[in-house]
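The values are calculated or read from the model by the stated rules, or taken from the named source; none is laboratory data. Being a predicted model, the structure only gives us computed values, none of them experimental. With ideal geometry, Cβ positions are generated from the backbone for all residues, glycine too; neighbour counts draw on all protein chains shown.
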Amino acid sequence: MLDPAQLLSGYARGVFPMAESADDDRLYWFDPPFRGVLPVGGVHASRSLRRSLRRGGWSAHLDCDFAAIVAACAARETTWINAPLAHLYQRLHAMGHAHAIEIRHDGRFAGGIFGVTLGGAFFGESMMSAQKDGSKMALIFTSALLRDRGFRLFDTQFLTPHLARMGGIEITRATYRQQLARALRVQADLRAGPMPTADQVLAAP
């Protein structure tokens, strides 16, 4: 069984754990030859998403209920988040190394994302939607938050078509490790100030 120190050491080396399924208690390290990353502060918001932001009602909240976001991300037909991994994330959260960004629309839960932080790197683990565009808004607000806090790397592990439409790209393992090494030399903290507002997200280039 992994402990939090071993988990953080793995992230620092460029590998990450996953389970085969929620019913399998075993964890496996992954080190894919290509890695998905999103631009810090540069996640693409389509015209329809920007119109929705302008109409108002969207807000982002940090660590309101970390365990609930992890559980919501795992509540799907197939998931790589098993009980031991969820427990490890909770321990990292207690240590200040795992965080959840919750998105609300008109006060109602709309979606969220959670990930692990180490230095200036944010390792995005999973995201979900409870309302239309909830996960997209989670990416947009998280990208702005990482920019504001001085983060250098927004790791998505794998590149999906959804992430590619939001500005994600795929880089080689060697390039990823170079970017990771630079990010780990940075001291950054998601909790260092208020969350960005929709107006601030819209004002970003």
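Here are a few things to note about the model shown:
- Failed criterion for Gln179 (all others in (1) in contact with a helix residue (DSSP H, G or I) (Cβ under 8 Å, 6 or more places away or on another chain); (2) closer than 16 Å to Pro39 by Cβ; (3) of a type in the set (S, T, N, Q) hold): (1)
- Some residue of segment 198-205 being at pLDDT 95 or above and in a loop (DSSP other than H, G, I, E, B): no
- Within segment 8-48, the set of residues being modelled with pLDDT under 95 and of a type in the set (A, V, I, L, M) comprises Met18, Ala19, Ala22, Leu27, Val43, Ala45.
- Residues of segment 148-205 that turn out to be of a type in the set (Val, Ile, Thr), in contact with a Phe, Trp or Tyr (Cβ under 8 Å, 6 or more places away or on another chain) and more than 26 Å from Arg54 (Cβ to Cβ), as a count: 3
- Members of segment 62-85 found to be surrounded by fewer than 16 Cβ atoms within 10 Å (Cβ to Cβ), among the charged types (D, E, K, R) and either modelled with pLDDT of 95 or more or on the phi > 0 side of the Ramachandran plot (or both), listed by number: Asp65
- Subset of segment 170-197 (residues that are of a type in the set (D, E, K, R) and assigned to a helix (DSSP H, G or I)): Arg173, Arg177, Arg182
- All conditions but one from (1) within 21 Å of Arg165 (Cα to Cα); (2) assigned to a loop (DSSP other than H, G, I, E, B); (3) among the hydroxyl-bearing types (Ser, Thr, Tyr) apply to Ser21; the one that does not is (1).
- Counted residues, segment 125-145 - those being small (Gly, Ala, Ser) and crowded, with 24+ Cβ neighbours inside 10 Å: 3
- Contact annotation: residue pairs with Cβ atoms under 6 Å, 6 or more positions apart or on different chains, pairing a residue in segment 185-205 that is farther than 24 Å from Ala45 by Cα with a partner that is at pLDDT 95 or above and among the hydrophobic types (A, V, I, L, M, F, W, C), are Ala188/Phe151.
- Listed by first and then second residue, the pairs with beta-carbon distance under 6 Å, at least 6 apart or on different chains, first residue in segment 149-171 and over 23 Å from Val186 (Cβ atoms), second of a type in the set (Asp, Glu) and outside any helix (DSSP H, G or I), are Leu159/Glu170.
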